[in-house]
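Readers should treat all values here as calculations from the given coordinates under stated rules, not as data from a laboratory. Not measured: the values here are computed from a predicted model. All Cβ positions, glycine included, derive from the backbone under ideal geometry; neighbour counts span all protein chains shown.
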Amino acid sequence: MTPPSDEAPWRAAPVDIARADRVEVILDGEPLVARRGETVAAVMAAHGVTTFRETGFDSPRGLFCGMGVCHDCLVEVDGRANQRACMTRIEAPMAIRRQRVDLPLGEPRPGAGTGSLAADIAVIGGGAAGLTAACVAAEAGASVLVIDERPAPGGQYFKQPTKVLDPPDPARDDRQFAGGRRLLDRARRAGVRHLAGTVWTAEGPDLLRVLSGQAETTVQARRVIVATGAYERGLPVPGWTLPGVVTTGAAQTLLRSYRVLAGRRVLIAGNGPLNLQVALELAGAGADVVAVVEAAPKPGSWALGPIMRMTASAPDLSIQGAGYVRRLDRLGIPMLHGHVVDRIDRAPGGLTVSLRETAGPRIVSVHKAETVALGYGFQPANELLRLFGCRHAFDDARGQLATVRDADCRTSAETVFAAGDCTGLGGAFAAIAEGIIAGAAAARDLGHAGSKAAREGLSRARKDLRRHRRFQTALWSLYAAELPLAPRAPETVVCRCEEVTLGVIDAALEDGDAGIGALKRATRLGMGRCQGRYCAPVAAEILAARTGAPVSEFSFFAPRGPLKPIPIGAVAAPAAAPDADAAP
């Protein structure tokens, strides 16, 4: 660790902040300078700390997903163990300790009680789709409550800088920042209420149980709009659990929200245009980007068709994407097409990354980096939709479950609507259009027709959605790659939480039933804190390859609560008033 200073060395740029907004935290007995409103993970990363804990298997872990899904970044905060560093905000001095996952929890802590809230419409998820749906429904006359577990609304696309960076710096106020601010302001004006918390289970769509802080809140709603977004797909390779290996989304969140570099020397690998954007943002903030490793083949004459369709559907996005490629070339950042990460190993001063061709077994190059950012696409966060019993179909092209919906974004559960990437990936602009459609439909169900201008906006949203779906189809034909979802090396950790390797899975399949439930019972695969979000899609692919049966919604673990780990004391306490803000 570095000694305390006014500006830690991994900050992307100097930040002029009043001393009143500086907070001193103690990490393992050493003082560190923090910024009020940023997360524990951002503070640790800003001071060059990559190892956050040791697992019960003596495996070091650090920040990985950066969005509360993987639970790898658990730390002890003010005596409370197992706190997610990426979701815990600093508002006052605190003591942080790196921990072992099997750290004794001490005496049970009583919960702060339970309370209840009611709304016409509950929107679960405060990103592009959720906030848009909430605004549209509230403006039509419905009472709307947005439930979101992240430190601040905005989601992955509209993520906002920490509040101590306000007022916004025009030099940094790009389209995503500005669009997010406008959407948040719109929600406040519309009277949308905000509950910071996690929907951990539900007694049907009309009764949600939310963990908010240390208390449980029950939410009653006549309609529910699920807009829980997506999380980055895991591509298991040897070494992907090492500290210093993060998702591209985590690296981007550190930079955009907290102006913190995930590392000084970064290699980015994966599939899709987000990796290009993140590479340019990191390079612009002072990082040395070793390379961008892309699984898809290098575009040739065959790419002319998709590029023309993209340009016809969304010319501004096509120009932006072409600009990414030109800027990478001007900066001298290599773009390695047709390659994937084969393994990651520890090395003095960081990590070594072995690359191979996407379709071949041979390692073709080895690179050194402090940080490896992996971004191999996304998986829909559809566990709540599956808990509601909403029907899903498996999308073979994307390798993921897609929620079955009608033209109004209504699912097979009559009172449940779904919008955005939790239903199957379509990008931020398609999510916004679906938010408009879902918000209007849910409000209309309850007798709120909306204004003439709102109806015209709905018509435009339907046209925009068709246009952006055409764009996404063309985009992903350009980025089409045969991703090796199932690992090859027996020592590869498939289940990050329980550290179940491919070798253990192979042995279990040789000894017994080739079903995902039986595999879970035999190996503990999927029984950890992330509850199968990373390993279940991989296990489904492994089982499909062994049995020859196609992947379907029944190839995954059965959905059940709790959907996220919760303290038992939080749901076993007497009633108390909930904490719901007036607006996001």
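Summary of values
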| read-out | value |
| --- | --- |
| Inter-label distance, nm, simple model (7 Å from Cα along the C-beta direction), residue 188/residue 507 | 5.8 nm |
| In sequence order, calculated HN-Hα J values of segment 363-374 (Karplus, 6.51, -1.76, 1.60; Hz; x Gly/Pro) | 6, 10, 7, 10, 10, 9, 7, 7, 9, 10, 9, 9 |
| Gained length - residue 462 relative to residue 412, 0.36 nm times residue gap less alpha-carbon distance | 16.0 nm |
| Separation of the residue 452 and residue 319 label points, Cα + 7 Å toward Cβ, nm | 3.4 nm |
| Residues whose placed amide H lies under 5 Å from that of residue 201, excluding near-sequence neighbours | 209, 563 |
| Cβ-based exposure ranking for 232, 499, in which fewest neighbours within 10 Å come first | 499, 232 |
| Share antiparallel - DSSP beta bridges, the chain, percent rounded to 5 | 55 percent |
| Those trypsin sites (Lys or Arg not before Pro) in segment 407-493 that DSSP places in a loop and that have at most 15 other beta carbons within 10 Å | 488 |
| Nonlocal amide H pairs with residue 400, under 5 Å, H built at 1.01 Å | 395 |
| Order of 310, 335 - criterion: other Cβ atoms within 10 Å of each residue's Cβ, fewest first | 335, 310 |
| Fully extended contour minus Cα-Cα distance, from residue 546 to residue 391, at 0.36 nm per residue | 53.2 nm |
| Cβ-placed point charges (K, R +1; D, E -1), dipole of the chain about Cα centre in debye, nearest 20 | 1260 debye |
| Amide proton proximity set for residue 342, modelled H, under 5 Å, gap of 5+ | 354, 355, 356 |
| Per DSSP, loop trypsin sites (Lys or Arg not before Pro) in segment 343-373 with at most 16 further Cβ within 10 Å | 362 |
| Positive-pole candidate from 454, 85, 282, dipole of the chain, charges at beta carbon | 454 |
| Spin-label zone in segment 373-387 - amide nitrogen under 18 Å from a point set 7 Å from the Cα of residue 554 along the C-beta vector | 386-387 |
| Prolate/oblate/rounded call for the chain, Cα gyration tensor, a/c under 1.5 rounded | rounded |
| Hypothetical label at residue 21: residues of segment 33-48 whose amide nitrogen lies under 14 Å (7 Å Cα-Cβ projection) | 34-39 |
| Violating pairs (Cα-Cα greater than 29 angstrom) within the set 159/452; 520/564; 159/298; 368/564 | 159/452; 159/298; 368/564 |
| Inter-label distance, nm, simple model (7 Å from Cα along the C-beta direction), residue 326/residue 214 | 5.6 nm |
| Cys with no candidate disulfide partner in the chain (beta-carbon separation under 4.7 Å rule) | 73, 86, 135, 390, 409, 422, 497, 530 |
| Which of 218, 241, 423 has the fewest Cβ neighbours within 10 Å, and the rest in rising order | 218, 241, 423 |
| Computed lengthening from residue 95 to residue 368, 0.36 nm per intervening residue step minus Cα-Cα distance | 94.9 nm |
| Where the Cα pairs of segment 223-294 fall when distances are cut into 10 Å bins, in % | 18, 50, 24, 7, 2 |
| Options 374, 297, 258, ranked by Cα towards positive dipole end of segment 234-376, top entry (Cβ charges) | 258 |
| Efficiency of FRET from Cβ geometry, residue 480 and residue 345, R₀ 35 Å, rounded to 0.05 | 0.75 |
| Per-peptide average of other Cβ atoms within 10 Å, ordering 369-377, 321-329, 522-530 highest first | 369-377, 522-530, 321-329 |
